[in-house]
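First comes the structure, then the notes that go with it.
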Amino acid sequence: MGSLQPISGPWALIAMSLKVTIIFGVVVVVVAFSTLAERRVAAWIQDRRGPNRVGPFGLLQPVADGIKNLLKEETLPATASKAFFVLAPMFVLVPSLVTFAVIPIAAPLPTPAGVVDMIIADIPIGILYVLAFSSLAVYGVVLGGWASNNKYAFLGGLRASAQMVSYEVALGLSLITVLMMSGNVTLTEVVWQQQQLGMWFVFPLSLAFILFVVSAFAETNRLPFDMPEAESELVTGYHTEYSAMKFSAFIISEFGHMVTASALMATLFLGGWDLPGTWDDAFWHEGQLISGFAQDGGAILANPAWWKTVLTFGGFAVKTSFFMLLYMWVRWTLPRFRYDQVMALGWKVMLPTALAYAMLVGGAILVLDELGVPWGFWYGLALTGVSGAATVGFMFFLDRGRTIIGAAGQSRQKVSIMSISQPAPAGD
Amino acid sequence: MKNFTNLSRVMSGSYLPLLLLFGISVVNAIGMVVTSHILNPLRPTPQKLMPYESGMIPLGDTRARFSVKFYMVAISFIVFDLETIFLIPWAVQMRELGWSAFVAMSLFVIILAVGLLYEWKKGGLEWD
């Protein structure tokens, strides 16, 4: 057992370098294998085999793909803006690789030199960093689409920018309720408050969870929101002109955003690395690693152990994988929206709902505080009731067919088959 | 003096790994593009360098005019993203600030909601 002090001195630097390198490496490997997973899941859903020739179960397929993309000939269209064309894939790639930094991945690990937090950088701006860097990705997409000097790419870039900014608003607003509950923007505190509440935020903030998941799908340009690269309309949208490794960069960044978004959903709403029970709770409070507060308000010291770190990391990996699977599942289940439907959903449904829901939860929290309900299970249960009612109401509203299928319904009324005058049957 | 020590603590403690990660990512991104540029065989032909438009010979200027709707979305985005930025500090401190701040923020949200409703009724959110 080491002392319960945060790691310091030269060991801190070594631990930090190791953490950055290992977590970066793990994220890159997970991204590589999720491209394989996507193809295998697609094959599984469509009742075929998928890539299974390279290595056992096709596990070396990402390596083969990588080598192929490195060695393939690249095209650089004569009419493209060369500098921006080359810069755009890098612009897309970097934000998707650095966003992961503020997500805690496991319980703190005790070492002889001190306790190591399992997070790259526990910076005080936390979630704002994620929002800032994930929105930087739109620049690379627009730049790539514009620099290609291709009409498909141009339209894809335009659509991507409009769609991503639209859903960023809903994404940010659905986070408001989480921030109200956690009282801080750092993700370690978000995890801690879920441990203290004894309940993951997916229950007391169910509607925020739904809004966040839908917005995250739209932000990552995944089906059913893949307007920017709608194959049947725009070839592949903003990366039509890209080939070989530059094309790879776009795909890696898309999967990187998926991994980060999945990890974020797991952290914000499924407790992050927290597992059921209070045995793994740990949080830095006034220089001490505590696992909770006693009845008299005194802190209970945490008891970190390496097996707790391993177990909680396993929990975090399972939760993140679940959302990755959800991404792939949805991709092969739902058809693509039409562009006006996407924008209508973003501005007319998600935005007002997120605003109203934030105020509703804010009011409910203040009422519960006024009643003196202690922060714990019953507090969570009361909020679960409020949010559940809001979620049911939201679903009921959507299901009335006013917004999502509304546009299609209207155009059917305008040009219904009955209103077209039928030619008289010939040779009567 | 206090600000300075705070700043140096922050820079040495929690932002340094970010800088390192950023460095690794940038090197990785540049490395990928440069490596493939060195390794791949470049045999350009005029046909290969034409913009790909499904086999058609491209007509007209690519940087053509596009729908003003995209501009409307950009403006609405600025308004509502700023609103989010204003809401975040309040959300973090909401339980300490209590009802008076809640009422104030409700007024703020209602004003913006009326703005959204106006844009909606004016047809600013339609894509026809």
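Every number here is computed from the coordinates shown, using simple stated rules; none is lab data. As the structure is a prediction and not an experimental result, all values here were calculated from the model. Positions of Cβ are generated from backbone atoms using ideal geometry, with glycine treated the same way; all protein chains shown enter the neighbour counts.
Of note:
- Chain A: relative contact order as a whole-number percent, Cα under 8 Å and 6+ apart: 20
- Of the peptides B:120-127, A:150-157, the ranking by mean beta-carbon count within 10 Å, highest at the top, reads A:150-157, B:120-127.
- Sum of -39500 (n - 2.57) over DSSP H runs of 4+, divided by residues of chain A (222 nm, nearest 500): -20500 deg cm²/dmol
- In straight-distance terms, cross-link reach from A:Lys308 covers every one of the lysines whose alpha-carbon lies under 23 Å from its own, apart from those fewer than eight places away in the same chain; here that gives A:Lys19, A:Lys319.
- On the basis of the beta-carbon distance and an R0 of 35 Å, A:Ile22 and A:Leu136 show a calculated FRET efficiency of 0.90.
- Fewest-first sequence of B:Trp90, A:Trp347 by Cβ atoms within 10 Å of each Cβ: B:Trp90, A:Trp347
- Distances between placed amide hydrogens fall under 5 Å for A:His285 paired with A:Ile290, all partners being 5 or more residues away or on another chain.
- Residue order, fewest to most beta carbons within 10 Å, for A:Thr309, A:Thr21: A:Thr21, A:Thr309
- Acute angle (nearest 10 degrees) that the helix A:61-71 long axis makes with the longest principal axis of chain A, alpha-carbon atoms: 60
- The angle between the Cα long axis of helix A:187-197 and the main principal axis of chain A comes to about 70°, on a 0 to 90 degree scale.
- Prolate/oblate/rounded call for the protein assembly as shown, Cα gyration tensor, a/c under 1.5 rounded: oblate
- Near A:Ala106, the amide H atoms lying under 5 Å from its own belong to A:Met118; only residues 5 or more places off or on other chains count, and H is placed 1.01 Å from N.
- Percent of Cα-Cα distances greater than 20 Å, calculated over region A:31-158: 67
- Amide H contacts of A:Leu301 (H built 1.01 Å from N, under 5 Å, at least 5 apart or other chain): A:Ser291
- Annotation: peptides A:377-389, A:52-64, A:168-180, A:351-363, ranked by per-residue average of other Cβ atoms within 10 Å with the highest first, follow the order A:168-180, A:351-363, A:377-389, A:52-64.
- Principal-axis tilt of helix A:206-219 within chain A, Cα atoms, nearest 10 degrees: 50
- 3J(HN,Hα) couplings calculated from phi for region A:321-336 with the Karplus curve 6.51 cos²θ - 1.76 cosθ + 1.60 (θ = phi - 60°) are, in sequence order, 4, 4, 5, 4, 5, 4, 4, 6, 4, 5, 4, 9, 10, 9, x, 6 Hz; Gly and Pro show x.
- Separation of alpha-carbon centers, region A:52-114 and region B:58-121, rounded to whole Å: 33
- Farthest positive-ward along chain A dipole, Cα basis, beta-carbon charges - from A:Pro56, A:Ala170, A:Pro108: A:Pro56
- Per-residue mean of C-beta atoms belonging to partner chains within 10 Å, peptide A:193-201: 0
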